[in-house]
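The values are calculated or read from the model by the stated rules, or taken from the named source; none is laboratory data. A quick note: this is a predicted structure, and the numbers were derived from the prediction, not measured. Glycine also receives a Cβ, built like all others from the backbone with ideal geometry; neighbour counts cover every protein chain displayed. These accessible areas exclude ligands, DNA and RNA; they are computed on the full protein's heavy atoms, side chains included. Shrake-Rupley method; radii C 1.70, N 1.55, O 1.52, S 1.80 Å.
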Amino acid sequence: MIDLTLLMAIALVICVLLYVVLDGFDLGIGMLFPLLRDATQREEAIASIAPLWDGNETWLVAGGMTLFAAFPAAFAVILPALYMPLGFMLTALVVRGVAFEFRERALDAGRRFWDQAFHWGSSVAALSQGLALGTLVQGIPVTNGEYAGGDFDWLTPFSLLTAFALAVGYVLLGACWLMMRTSSAARLYARRVAIAAGGVLGIMMCLVGLWMAAVEAPLANRGWFNAAMLAWLPLLAAILLGLLTLLVRAAVRDQPVAPFVYAASLFGVAFLGLVAAVWPFIVPYAMTFDDAAAADNSLGFLIVAYLVLLPMVGLFAWNQFHTFRGRVRRDDTEPYA
């Protein structure tokens, strides 16, 4: 018999992972934006993501709809627990999208304003996602299927640490993307950022992992501390360290494509390791995927729809990246007339 809940859980994991990797690099570019030294570098950075950034956010919508439709009980708990960080994130994404479009039509003073809006919208969105991630990992209190915590349970030292760690990871993705897609001064600057961000991310990943292992009480008898996870933990740490080392070495050697491949792989392995650490909980550590799942007939309908829609969205995304592959050309950086 087909496990419908497991299939929808896999679909949710895929949507979230694709969003984190694909929108992560353009959020990272937004965070780097004011540090690019001149207008030419900034226009190169914008041109490298202009055909892609809004399509990348499709996976956020897909993930949110999967959570709402397939796991409504979890949606009803997670949303009130994360109202504020999710509200900050969505507002920031709107500001960022408006700034992206308006800066093309603005004069010099107006463009500086929209450049700052693009930067801060990207930064707040990234930090908000990190706060939400930290809140989920540290556990959400649930009583009788309802959120039982306070309005500011999402704001803790651990969630702040994960917020900054995720933001550094996005900066790394953005820098690696610029190394692959831009030329001249922008690429050389991105190379230096990638090397520095790789080192900082390695330290922050160690801090997050140690905090999860030593401080977070709900993980004591599950997650990182269960026997199965302990057996795989050294291998997971070795893979992450190896990918980070390869990434920094490729950046030092000024390889154009390899750093981004390693950065995306790093995010993928870390995300899947985190999923394994909290499995089978969708609301750590109170509600499993089975507890939160919708009725089987609803899941069956969703799976049929996803078998059609997800490949279509994936094909569209692949076509975008394939069509706009290669380095940014000079005429791609010209503002609209």
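In the chain, the longest principal axis of the Cα atoms and the axis of helix 108-138 are about 20 degrees apart. The long axis of helix 39-49 is offset from the longest Cα principal axis of the chain by roughly 40 degrees.
Taken one residue at a time, the phi angles of segment 54-65 give Karplus couplings (6.51, -1.76, 1.60, θ = phi - 60°) of 6, x, 4, 6, 4, 6, 5, 4, 4, x, x, 5 Hz. Gly and Pro are set to x. Counting heavy atoms of the protein chains alone, residue 267 has an accessible area of about 30 Å² for a 1.4 Å probe.
Under 5 Å between amide hydrogens, built in the peptide plane, is the criterion, and for residue 282 it picks out 287, 288, 289 among residues at least 5 positions away or on other chains.
In the chain, the calculated helix contribution to ellipticity at 222 nm averages -25500 deg cm²/dmol per residue, counting -39,500 (n - 2.57) for every DSSP H run with n ≥ 4. Ligands, DNA and RNA are left out, and with a 1.4 angstrom probe the accessible area of segment 8-124 is 40 Å² per residue. The Cβ shell under 14 Å around residue 195 holds other residues with a net charge of +4, Lys and Arg each +1, Asp and Glu each -1. Charged side chains reduced to their Cβ positions (Lys and Arg at +1, Asp and Glu at -1) give segment 104-216 a dipole of some 760 debye around its Cα centre. Within segment 294-323, none of the chymotrypsin sites (Phe, Trp or Tyr not before Pro) combine a DSSP coil assignment with at most 16 other C-beta atoms in a 10 angstrom radius. Rolling a 1.4 Å probe over the protein heavy atoms of the chain, with every protein chain left in place, gives an accessible area that is 71 percent carbon and sulfur.
Couplings 3J(HN,Hα) of segment 4-10, computed from phi: 5, 4, 4, 4, 6, 5, 5 Hz, in residue order, whole Hz [Karplus 6.51 cos²θ - 1.76 cosθ + 1.60, θ = phi - 60°; x for Gly and Pro]. Taking all protein chains as they are arranged and a probe of 1.4 Å, the heavy atoms of residue 35 leave approximately 100 Å² accessible to solvent. Each label was represented as a point 7 Å from its Cα along the Cα-to-Cβ direction; for residue 13 and residue 160 these points are 3.3 nm apart.
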